[in-house]
Amino acid sequence: MARLGGALLFLLVAIGAIGGGAYVWFAREVDRPGPLAQASTVLIAPGSGLGAISRELQSAGVIAHARVFEIEARRTGQARALKPGEYRFEPAVSIKGALDKIVRRDVVIRFVTIPEGLVTADIRGILADAPGLVGEVTSELTDGDLLPETYRYEWGDTRAAVVGRMRAARDQALAELWATRDPNLPVSSPQEAVILASIVEKETGVASERPRVAAVFVNRLARGMKLQSDPTVIYGIAPEAGQLDRAITRADLDAPNAYNTYFVTGLPPSPICHPGRAALAAVLKPLQTNELYFVADGTGGHAFAATLEEHNRNVARWRKLERELKTAQ
């Protein structure tokens, strides 16, 4: 009887030792550095259950034991807290670290940049090529509706949602700037401000010039002068592309259409691109000048003039420089 009791005691101790050893191994396995040799991105699809997630992580080399991941998720009560998304795992991430990242939904943040001065077709193309965005842009879009900027998104966001944020950002920026506009501007509505800003956006790529270019157009509008802006003529010829694959010609400038500001007085009927916030700010708070003209100066910027005589001298210098550049080439 004594021998039987001793054997039973030994068996219980052995089972306890085995169980304790297994627990120690499990705890170490959860915390130990994982097998991942370099950072890796894993996409967890919506609707994925615990088993699918653990197998995906093991297949990607993030964890060594899918079963250990599952047991830890259940043990900690986090099995139902795992969230879909795109996750970036650093080298040697532990099972505990991977589980925590997915529970916190620490997903990859992506960005799409929309440069100033693009037309709607360009923006649609950028969104179409943005990795991870889904769906189509179904809403009606016209040039000037969106605010060029860098927008953040996550894998699986819709293109329509991004466009919605761009439209809301344009509305907010325009409302803020319109509320603090200079008095007596020759634009009677926020939409007219967008039209003028789109012209300024296309006329100069030099940020510091925008308020000065805006001032020239504001001064011309106030005097009833034609704007005589080449970009509006180009838009009238190619509104979908917003640009020509050739040089603008005298015949283009002489052809009457609603966007030819050499032919019509005042603003064209709609924006010729999507202007940025800086261009909007420039037309609503332009530089205070008496200048009415500008022409390229050969440095990427422009030479400005208050009189036609001065402007003609600037034009002559530019044409001389053009001839010299062609000769050099």
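The values are calculated or read from the model by the stated rules, or taken from the named source; none is laboratory data. These figures come from a predicted structure and were not determined experimentally. Cβ atoms come from the backbone with ideal geometry, glycine included; neighbour counts cover every protein chain shown.
Quick rundown of the values:
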read-out: In segment 55-69, residue surrounded by the fewest Cβ atoms within 10 Å (Cβ to Cβ) [restricted to those that are more than 16 Å from GLY85 (Cβ to Cβ) and small (Gly, Ala, Ser)]; value: SER59
read-out: Qualifying positions in segment 135-168 - β-branched (Val, Ile, Thr) and farther than 18 Å from VAL194 by Cβ; value: VAL137, THR138, THR150, THR158, VAL162
read-out: Every residue from segment 80-92 that is surrounded by fewer than 17 Cβ atoms within 10 Å (Cβ to Cβ), not acidic (Asp, Glu) and not in a strand (DSSP E or B); value: ARG80, ALA81, LYS83, PRO91, ALA92
read-out: From ILE18, ILE53, residue being modelled with pLDDT of 50 or more and in a helix (DSSP H, G or I); value: ILE53
read-out: Those helices (runs of 4 or more DSSP H) lying entirely in segment 93-206 with at least 3 residues outside the structural domain of LEU82 (by TED's automatic domain parsing); value: 120-129, 159-179, 190-203
